[in-house]
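S.K.: Before we start, here is the structure in question, set down as structure tokens.
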Amino acid sequence: MAIFTKLVVERSLLQVRSVVLHSNFMHGYLIRNLSTRQSDSSVGFLHYKTCVRSKGLPVFQRIGSHNYATGTVAGSVAVAEKPPPPKASIVPESPPPSQYDLQRLYDFVNDSKRLVVITGAGASTECGIPDYRSPNGAYSSGFKPITHQDFVGSEQSRRRYWARSYAGWRRFIGATPGPTYISLQQLETKGRVKGMITQNVDRLHYKAGSKPIELHGTTHQVICLNCGDLTDRHLFQNRVKKLNPEWARAVEALESGEPGSDASFGMKQRPDGDLDIDERFFRKENFCIPDCKKCNGILKPDVVFFGDNVPKQRVEFCMSLARSADALLVVGSSVMTMSAFRLVRAAADMGSPIAILNIGPTRADDLAHLKINARSGEVLPRLLNMGAMSVPASS
């Protein structure tokens with residue numbers, strides 16, 4: 001037989017856990033020890049249920065509480081623990097850029113007349129959007145993104161994907177361009193950047209005023225896999241809401257809960273705009289997905305999922321741009337996708353120098369003439385204030 005305690009803490013910044021109490025002496029000691037924390041823990045009441053587990057079957061036998069205002073104590077109690085450590089930033093740690101690296105990057109950009117830039121998820125982490133491959137990215141927690149094959153081949157997978165994506169959309173589009181996006185747009189305006197390709201699907205470049213080629217598509221459009229019709233994502237969101245009113249109401253209430261908590265359905269922000277949903281809170285069979293209005297076909301975000309191919313015409317356009325560059329700058333990307341790596345290799349094959357601004361190793365490090373291991377949001381704004389970079393390029 002063992003005694004367990006189930007707890008609920010009101011108005012508390014203190015984290016607690018239940019323990020087995022072996023004697024009245026231990027019970028009294030724990031009560032006194034926890035009571036001394038009232039002044040710095042903001043605990044109001046500690047409620048609990050004591051359970052005697054016999055032959056594997058729990059039976060709740062007693063309910064009690066501890067009132068810190070009056071000192072009234074009843075029943076069992078829990079041991080107070082230290083608050084959890086703050087969540088790791090989604091932007092990896094890195095040393096600040098050296099003046100030597102800044103000068104080398106300045107020379108690289110200033111000497112170019114046809115600079116092409118390729119951006120990746122590292123540009124968006126500083127805007128609050130997680131990535132996949134960095135030390136703090138989604139892969140580090142075991143997250144597996146949906147594949148094209150899963151989406152096309154399984155209706156249940158599509159239900160789960162669209163439920164997650166619907167839930168994450170409002171938070172995703174709330175992101176604003178960070179210093180990397182703003183600096184690149186200013187470099188474009190000054191004539192320092194002649195072309196830009198992004199692997200990101202969040203349209204933060206567009207919010208900053210740039211219009212790059214979106215190599216992997218965008219979450220802001222929905223495409224029919226049968227007829228190819230494109231729908232604005234906001235209109236699609238409204239259709240999902242009408243078909244799933246209960247889910248929509250639940251999603252709208254997410255603001256009241258901490259990410260990952262029961263109040264937020266265990267949801268956590270993931271790359272590409274969706275939320276990871278705890279299985280306890282989601283029943284796929286109850287979620288309805290809109291069909292294409294023109295042909296009743298399957299609707300999918302206009303994004304290149306893992307296992308899918310970039311459309312041929314887009315590949316050819318990006319390849320032409322990369323080959324036309326007299327220098328290529330990679331910003332915030334590990335260049336692990338073959339679609340991006342081919343572009344870097346194509347520029348290198350044409351004899352163009354390659355510069356990489358990214359935290360951590362990349363697939364293209366062997367091709368780089370210059371590699372800076374620092375946050376792009378710390379480097380590019382400084383670059384704009386150096387020498388002739390602050391004025392438009394001469395034609």
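Bear in mind these aren't lab numbers, they're just calculated from the coordinates by the rules spelled out. Because the structure is a prediction, the values reported are computed rather than measured. Cβ: placed from backbone, ideal geometry, glycine included. Neighbour counts: every protein chain shown.
S.K.: Collect the residues in segment 339-353 that are within 19 Å of PRO212 (Cα to Cα), surrounded by fewer than 24 Cβ atoms within 10 Å (Cβ to Cβ) and of a type in the set (A, V, I, L, M), keeping them in residue-number order.
M.R.: If the condition is that a residue be within 19 Å of PRO212 (Cα to Cα), surrounded by fewer than 24 Cβ atoms within 10 Å (Cβ to Cβ) and of a type in the set (A, V, I, L, M), then VAL344, ALA346 are the ones that fit.
For (1) in contact with a Leu (Cβ under 6 Å, 6 or more places away or on another chain); (2) closer than 19 Å to HIS216 by Cβ, each residue gets a yes or a no:
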residue: THR147; (1), (2): no, yes
residue: ARG159; (1), (2): no, no
residue: GLY174; (1), (2): no, no
residue: SER183; (1), (2): yes, no
residue: LEU187; (1), (2): no, no
residue: ARG192; (1), (2): no, no
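S.K.: Right, another one. From the list VAL251, VAL222, exactly one residue is of a type in the set (Val, Ile, Thr) and part of a strand (DSSP E or B). Which is it?
M.R.: Being of a type in the set (Val, Ile, Thr) and part of a strand (DSSP E or B) holds for just one of VAL251, VAL222, which is VAL222.
S.K.: So, of the residues in segment 142-181 that are aliphatic (A, V, I, L, M) and assigned to a helix (DSSP H, G or I), which turns out to be surrounded by the fewest Cβ atoms within 10 Å (Cβ to Cβ)?
M.R.: So, considering only residues that are aliphatic (A, V, I, L, M) and assigned to a helix (DSSP H, G or I), the one surrounded by the fewest Cβ atoms within 10 Å (Cβ to Cβ) is VAL152.
S.K.: Continuing with this model, one more query. With the requirement that a residue be surrounded by fewer than 16 Cβ atoms within 10 Å (Cβ to Cβ), of a type in the set (Gly, Ala, Ser) and not in a helix (DSSP H, G or I), what does segment 354-392 give you?
M.R.: If the condition is that a residue be surrounded by fewer than 16 Cβ atoms within 10 Å (Cβ to Cβ), of a type in the set (Gly, Ala, Ser) and not in a helix (DSSP H, G or I), then GLY360 is the only one that fits.
S.K.: Could you tell me whether any residue of segment 190-205 is outside any helix (DSSP H, G or I), within 22 Å of ILE289 (Cβ to Cβ) and in contact (Cβ under 8 Å) with a residue 40 or more places away in the chain?
M.R.: yes
S.K.: Looking only at segment 228-242, count every residue that is of a type outside the set (S, T, N, Q) and surrounded by 13 or more Cβ atoms within 10 Å (Cβ to Cβ) and tell me the total.
M.R.: So the count comes out to 6.
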